[in-house]
Amino acid sequence: MNTMQYISTRGQTEPMGFQDAVLTGLAPDGGLMIPASIPDVSDRLGHWRTLSYQDITFEILRLFVDLPDPDLKDLIDRSYAPFRHPEIAPAVEVGPVHVLELFYGPTLAFKDIALQFLGNFFEYTLERRNSLLNILGATSGDTGSAAIHGVRGQERIHIFMMHPRGRVAPLQERQMTTVLDENVHNLAVEGTFDDCQNLMKAIFRDLPFKQRFSLGAVNSVNWARVLAQIVYYFSAGLYVMDQRGAANVSFAVPTGNFGDVLAGWYAARMGLPIRRLVLATNENDILARFFSCGEYSMGAVVKTISPSMDIQIASNFERYLYYRLGEDAAALREAMERFGREQRLSVPVGTEGVVDPLFVAGVGDTASTLATIRRYHEEQGYLLDPHTAVGVHVGEQHLEDGVPMVCLATAHPAKFSEAITDAIGEPARHKILDALEGKPTRFEPLPSDIDAVREFIAQHALT
Ligand SMILES: *Cc1c(COP(=O)(O)O)cnc(C)c1O
């Protein structure tokens with residue numbers, strides 16, 4: 001069994017094993033948990049290219065987790081059994097790019113890849129420790145439904161997911177509220193997504209309450225989520241390089257919280273020959289600006305047609321910054337404190353103004369996103385969801401001879417059908433989403449008030 005230890009980016013937390021790091025979520029010192037070292041797998045790539053998705057997952061995860069091999073294998077098999085494609089995450093050639101289809105999980109978005117595994121992992125660990133978990137989260141759509149589908153029906157977990165009442169896209173709301181399992185509580189808060197997030201943060205700061213009800217989180221800073229996402233960079237990268245006889249590969253990644261593209265960064269550090277990570281944002285471009293000039297400064301969030309990327313502070317960025325500052329926890333603490341005070345920070349850039357030679361970055365605004373959806377529909381007969389189209393738009397600007405470009409498709413187009421109608425004049429459909437129409441729903445309307453939320457949790461939590 002592996003003995004990888006996890007440390008905090010802020011350097012003031014005792015090292016711990018994988019199971020504790022995942023159950024902890026945010027480190028007690030306010031930092032994010034990261035592996036104490038990054039394994040080099042470059043000598044195994046020839047063998048890995050012959051393996052199934054599940055077997056590559058096993059080979060990668062066993063380097064990072066403290067679980068017996070047979071248990072890990074079983075967890076992986078159960079996590080990917082509900083996926084509706086035998087390859088789990090196929091990479092299909094579409095015109096000048098490869099589209100990596102990450103939307104075959106239960107909620108039709110890439111977050112299922114990590115959250116199906118995380119749900120099964122929680123169940124496994126809680127059973128062995130004979131303990132319970134009450135998950136509290138806030139969502140504007142995708143994360144909430146993927147998290148709910150990851151833990152529905154489990155005996156040792158209740159999930160309390162807050163969403164802003166009437167402000168989530170109707171279809172995404174149905175993906176959450178049609179889940180009637182007893183352990184799922186959809187809290188429809190009278191307020192905005194920010195209100196939901198502030199309520200969540202305030203409740204997590206109430207340490208006696210947090211402890212009394214064993215509150216945990218599933219947000220994107222959880223290390224298990226980044227880890228599970230490293231896998232598809234290897235599976236798709238090895239497949240596409242093999243098919244094209246290429247020596248390296250680039251990935252275009254539509255980015256919000258920096259979780260998905262961070263997994264690509266780890267894959268590169270582990271030895272996958274990645275030529276470029278093409279970081280693509282919508283108009284909320286804090287990360288694109290950072291990788292263009294080295295300055296990370298917060299703007300106001302604007303609403304776009306790729307709502308899962310409408311983010312200004314990227315919660316996973318701290319992990320990248322830690323490495324970028326030479327794995328110096330004191331320097332990282334100072335940078336984060338400065339960012340807290342001034343809402344901006346900067347890193348020194350190289351001689352030619354390059355922030356990081358692995359990354360290039362760009363923006364797909366609403367007009368170019370719609371145009372990309374339309375063009376791929378007309379010329380390739382392929383429908384891109386708006387998040388994916390942001391990545392394809394920016395990826396196309398960084399094509400190089402002999403280097404395949406893999407564009408991550410983070411959601412099925414039917415999830416964001418309004419944008420599809422805007423682009424091509426008709427909606428996208430999916431039978432799973434159609435089937436939600438008219439189904440019974442269950443949710444709990446609550447005021448945007450910490451006492452009301454605390455009271456509801458106290459009455460319904462597992463103890
Ligand atoms: C969450 C999400 C993203 C952004 O992923 P990050 O890991 O936050 O960068 C992109 N597209 C879709 C459809 C998503 O749900």
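The values are calculated or read from the model by the stated rules, or taken from the named source; none is laboratory data. Every value quoted in this text rests on a predicted model; they were computed, and no experiment measured them. Here the Cβ positions follow ideal geometry from the backbone for every residue, glycine too, while neighbour counts run over all protein chains shown. Side chains included, ligands, DNA and RNA excluded: accessible areas come from the protein's heavy atoms. Shrake-Rupley method; radii C 1.70, N 1.55, O 1.52, S 1.80 Å.
So here's what we get for this one:
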item: Tensor-based shape of the range 310-412 (alpha-carbon gyration tensor, a/c under 1.5 rounded, otherwise prolate or oblate); result: prolate
item: Solvent accessible area, Å² - Met16, 1.4 Å probe, full protein context; result: 30 Å²
item: Cα→Cβ-extended label distance, 7 Å offset, between Arg167 and Leu207, nm; result: 3.1 nm
item: Contour excess over end-to-end distance, with Cα ends at Met298 and Ser37 and 0.36 nm allotted per residue; result: 90.9 nm
item: In Å², nearest 10: area of Cys293 left accessible to a 1.4 Å probe; result: 80 Å²
item: Heavy-atom accessible area ranking, 1.4 Å probe, most first, across Met336, Met241; result: Met336, Met241
item: DSSP-defined beta bridges in the range 51-190 - what % are antiparallel, rounded to 5; result: 25 percent
item: Global geometry of the chain, whether rounded, prolate or oblate, following the gyration tensor of its Cα atoms and the 1.5 cut on a/c; result: rounded
item: Residues of the range 437-455 with amide N under 18 Å of the 7 Å Cα→Cβ point at Arg84; result: 437-439
item: Selection from Gly153, Gln175, Ala114, by position along the positive dipole direction of the range 114-254 (Cβ); result: Ala114
item: Set Lys201/Lys431; Lys210/Lys303; Lys111/Lys439 screened for pairs whose C-alpha atoms are more than 29 Å apart; result: Lys201/Lys431; Lys210/Lys303
item: Positive-end residue, the chain charge dipole about Cα centroid, Cβ charges, pick of Val392, Thr255, Gly381; result: Thr255
item: Point-charge dipole on Cβ atoms (K/R +1, D/E -1) for the chain, about Cα centre, debye to 20; result: 420 debye
item: Taking the range 1-56 and dividing mean pair separation by its residue count, relative contact order in percent (alpha carbons under 8 Å, at least six apart); result: 32 percent
item: Cα gyration tensor shape for the range 341-463, rounded if a/c is under 1.5, else prolate or oblate; result: oblate
item: Ellipticity estimate at 222 nm from DSSP helix runs (n ≥ 4, -39,500 (n - 2.57)) divided over the chain, nearest 500; result: -13000 deg cm²/dmol
item: Antiparallel DSSP beta bridges within the chain, percent to nearest 5; result: 30 percent
item: Selection from Met270, Asn186, Phe204, by position along the positive dipole direction of the range 141-277 (Cβ); result: Met270
item: Relative contact order for the chain, counting Cα pairs under 8 Å that sit 6 or more residues apart, in percent; result: 19 percent
item: Charged-residue dipole, Cβ positions (Lys, Arg, Asp, Glu), the range 139-235 about Cα centre, Debye nearest 20; result: 220 debye
item: Point-charge dipole on Cβ atoms (K/R +1, D/E -1) for the range 1-128, about Cα centre, debye to 20; result: 200 debye
item: Heavy-atom accessible surface of the chain: percent carbon and sulfur, 1.4 Å; result: 47 percent
item: Chain lengthening between His430 and Glu352 when straightened (0.36 nm per residue, less Cα-Cα); result: 23.4 nm
item: Alpha-carbon centroids, the range 319-336 and the range 210-278: separation in whole Å; result: 20 Å
item: FRET E, pair Glu59, Ala452, Förster distance 45 Å, beta-carbon r, rounded to 0.05; result: 0.45
item: By accessible area with a 1.4 Å probe, ligands and nucleic acids excluded, highest first: order of Glu123, Glu378; result: Glu378, Glu123
item: Accessible area (Å², per residue) of the chain, counting only protein heavy atoms and a probe of 1.4 Å; result: 39 Å²
item: Arg269 - accessible surface, heavy atoms, 1.4 Å probe, Å² rounded to 10; result: 110 Å²
